[in-house]
Amino acid sequence: MNLPQILSLILLVVILVLAVWRHVNIGLLGFSAAAIMVMATTAIADSSDTNTVLSSKDVLSHFPGAIVTLLIGVSLLFAHLEKSGGLSWFTDQIYAKMGHRTNIVPWIGYFIGFAISTAGAFSTASITLLVPVIAALGRKHPRLFFICEMAAIIGANTGALSPINPTGQVILDAAKKAHVEYSPWLVWFLGMLISFVLVIALQIVFQDKRVVETSDSKAPEKGFVLLKPIKQENGDNHQLQPFYAICSTIAVLIFLILVIFAKANVGLTALTLAVIMMLFFTQQSKDFVKKIPWNAVVVISGLLVFIGTMMQVNTMKAVEQGLLSMTSSKIALLFMLAYLTTFLSNVESSTLGVISLMIPMVFTIFGDSPQISLILTACAAPAMLSVVNPIHIAGTLVVSVTEEKQQEMMFKRLLIIAFATVPFFPGLAMIVPALMM
């Protein structure tokens, strides 16, 4: 490996450590690392070798304009559906009709979150909407609070593997750059099956018969203690506006039809429809800029700029050669990448950032494999389950809607569940591709 490649790997480790240790946005660190690469390659380049010199123009050419447009457009489009009260109304109606069917209730949140994210909504937005809605449900079915929250979060994050979603688009973009073809909808479907297994396992462990109700006068017992939500109203304060809700629903349906059947650009289509809605509903759209997940925009922009810089100096190829020199076993390489991706998703709060970081390496090493879709699933799907970790937004939200006296116990429970996915689910996802290699 040459000096620029070694430096890029050192910077990669540094930004990961700083992101976890100092809680600095990893995208900002990525931009800074790319700037250091430009200055360093200029300083260490040999006068006779100008190919290794990076310019600011070269680095910024890796800016993911299409993905940023997608994040902004989809977030604004679904903000209309949320602001109109239509989505919360629809969710409440479904929960009301389910009554006391305790085995089915957790799956309602799963499929609603899964459907919203599959349709393109950024998974964090789906989770942010569903967590307080389910917390309100917890007042009616307190024994189901925990499993309902888990199911909704897992469903929303797993749906992000859809090629319409920003996360799915990041994977597609990495595949195009690596000149690799895979089946995005197969990865999405297999990810759903893996998440099914986790939700069923959690439902068995935390079934309502094992949940122990506690009172304020009695100390919580050990074991599967009930974690009651704060007695609050639904977190969505938007009243249902029927005409606005109908128009928002139609806009989302048009978006899906154009993207799936007409192969329209996801970001531009969503943005155009969102702007049209803003022109007709100006009063409701005044604060919509706040609905854009700017933190995620910075994460994905900075990371992809730095990863593009690493690829430009052929760091990924050098890493591939290094890994292949360590072992000739493709199964061992898959093992390392799958477990590393899931582990990083647990310790780094941005799953999207980890996917952006690791998936290009998967395509570099396994791009010529006929089982690339299965391999990709083994690396990406288990990582999507780590979002229940309390250092992630989803886990933090669940803790925040838990009764104050039980928040510490909730934090520990979420942490245990998140890290339990590291040794188990990557191995489960690897069974089929490993047997076919």
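Some observations on this one:
- Point-charge dipole on Cβ atoms (K/R +1, D/E -1) for the chain, about Cα centre, debye to 20: 800
- Around the amide H of residue 183, modelled in the peptide plane, lie the amide H atoms of 373, all under 5 Å away and 5 or more residues distant in sequence or on another chain.
- Helix-derived mean residue ellipticity, 222 nm - over the chain, DSSP H n ≥ 4, -39500 (n - 2.57), to 500: -23000 deg cm²/dmol
- Normalising the average separation of contacting C-alpha pairs (under 8 angstrom, six or more residues apart) by the number of residues puts the relative contact order of the chain at 24 percent.
- Between the amide H of residue 402 and those of 230, distances stay under 5 Å, these residues lying 5 or more places away or on another chain, with hydrogens modeled in the peptide plane.
- The packing ranking of peptides 128-134, 53-59, 194-200, highest mean first, is 128-134, 194-200, 53-59, where packing means the average number of other beta carbon atoms within 10 angstrom of each residue.
- Counted as membrane-span-like here are DSSP H helices of the chain whose alpha-carbon atoms extend 30 Å or more along the helix's own axis and whose Kyte-Doolittle mean is -1.0 or above; these are 184-205, 407-436.
- Option label - Kirkwood radius over Cα pairs in Å computed here, alternatives (1) 25.5; (2) 22.7; (3) 23.9: (2)
- The local environment of residue 288, defined by Cβ-Cβ distances under 13 Å, has a net charge of +2 under the rule Lys, Arg +1 and Asp, Glu -1.
- Which of 207, 268, 360, positive extreme of dipole for the chain (C-beta unit charges): 207
- In the structure shown, the pairs 177/412; 97/291; 176/412 are assessed against 32 Å; a Cα-Cα span above that value is assigned to 177/412; 176/412.
- Heavy atoms of the protein chains alone define the surface here; on that basis the chain has 44 Å² accessible area per residue at 1.4 Å probe size.
- Rounded percent of accessible protein surface that carbon and sulfur make up, the chain, 1.4 Å probe: 66
- Peptides 114-125, 317-328 ordered by packing proxy, namely the average of other Cβ atoms within 10 Å per residue, highest first: 114-125, 317-328.
The values are calculated or read from the model by the stated rules, or taken from the named source; none is laboratory data. Being a predicted model, the structure only gives us computed values, none of them experimental. Ideal geometry is used to build each Cβ from the backbone, glycine not excepted, and the neighbour counts take in all protein chains shown. We work out accessible area using only protein heavy atoms, side chains counted, and drop any ligands, DNA or RNA first. Shrake-Rupley method; radii C 1.70, N 1.55, O 1.52, S 1.80 Å.
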